[in-house]
Structures are given as C-alpha cells and as structure tokens.
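The values are calculated or read from the model by the stated rules, or taken from the named source; none is laboratory data. Quick caveat: nothing in here was measured; it's all calculated off a predicted structure.
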Amino acid sequence: MHTYSLTRRSCLTQAAAFSLGALAPAAAAARSGRRAVVINMSLEPDSLDPTMAPAAAVGEVVHYNVLEGLTRVEENGAVAPLLAESWQVDGSGRHYRLRLRQGVRFHDGAALDAAAVRFSFERAVAP
C-alpha cells in the first residue's frame, strides 16, 4: 500500500493554486466585456408561460427577466407601475381603467395595446 504525506505548506500552496485557477474564468469573462447574465437553476421550469404555470413554478428570477407585468408589488406591499403607468378603480372595485406605457413592443414588433392586455387576461381565465 502506498501512502502519501502532505505538509501544511504544500497543502496551502495547492489550495492557493486551485483558488487562483478557479477564479481565472471569471477574470477572463470580466476582461472580455461581455454583458451576459448566467442564471443557474436546479430544476428546469415546465413552462415560461405564466398562464400555464404559476410564477412561483417558473421561478421569480426567470419570471421577471422574461416577462413584464402591468404592475409589481414592492417589498412594503405597495403596488408600483410597470407596463401600466397609472390606473383607476371604480366604486365597485370590479372595473379598472389602465393607462398603458407608450412605445412598448412585443418581441415580434407588435405594439402593446388594450387589445393585447384584454387577450392576456381572457387567456389567463379561460378553462
């Protein structure tokens, strides 16, 4: 049987070399000027469609990097505008009038308009 002994100095030297080697790819990426974000997930989401799977299943990080809603709920519970710049709620609390942000386009170049918002709501509640 062959035994291997490792001195403390040798161990620290190898650990330092390993650490520097592990950091090299990050330094190379930083120098390259690439502006990419890589997100590692332990599970693949079933769908990126929020009407097919809840946002929690998609993962909050993926959800908010792929989709943008009409509003968002801030940490303090306040509702903040996103695609809807402002809104009014009628006295019954059942009807909302939204003012959409101008100049917003989908990935295919189509403009965001009231018809697109209505379609999204109807699709989400469809059986």
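Just to check your reading of the model, which residue among Gly69, Gly103, Gly93, Gly77 is modelled with pLDDT of 95 or more, small (Gly, Ala, Ser) and either in a loop (DSSP other than H, G, I, E, B) or within 22 Å of Leu48 (Cα to Cα) (or both)? Show your work before the answer.
Working: Gly69 fails: modelled with pLDDT of 95 or more; Gly93 fails: modelled with pLDDT of 95 or more; Gly77 fails: modelled with pLDDT of 95 or more.
Selected residue: Gly103, the only one of Gly69, Gly103, Gly93, Gly77 that is modelled with pLDDT of 95 or more, small (Gly, Ala, Ser) and either in a loop (DSSP other than H, G, I, E, B) or within 22 Å of Leu48 (Cα to Cα) (or both).
Could you list, in sequence order, all residues of the stretch 32-66 that are among the acidic types (Asp, Glu) and either assigned to a loop (DSSP other than H, G, I, E, B) or at pLDDT 70 or above (or both)?
Of everything in the stretch 32-66, those that are among the acidic types (Asp, Glu) and either assigned to a loop (DSSP other than H, G, I, E, B) or at pLDDT 70 or above (or both) turn out to be Glu44, Asp46, Asp49.
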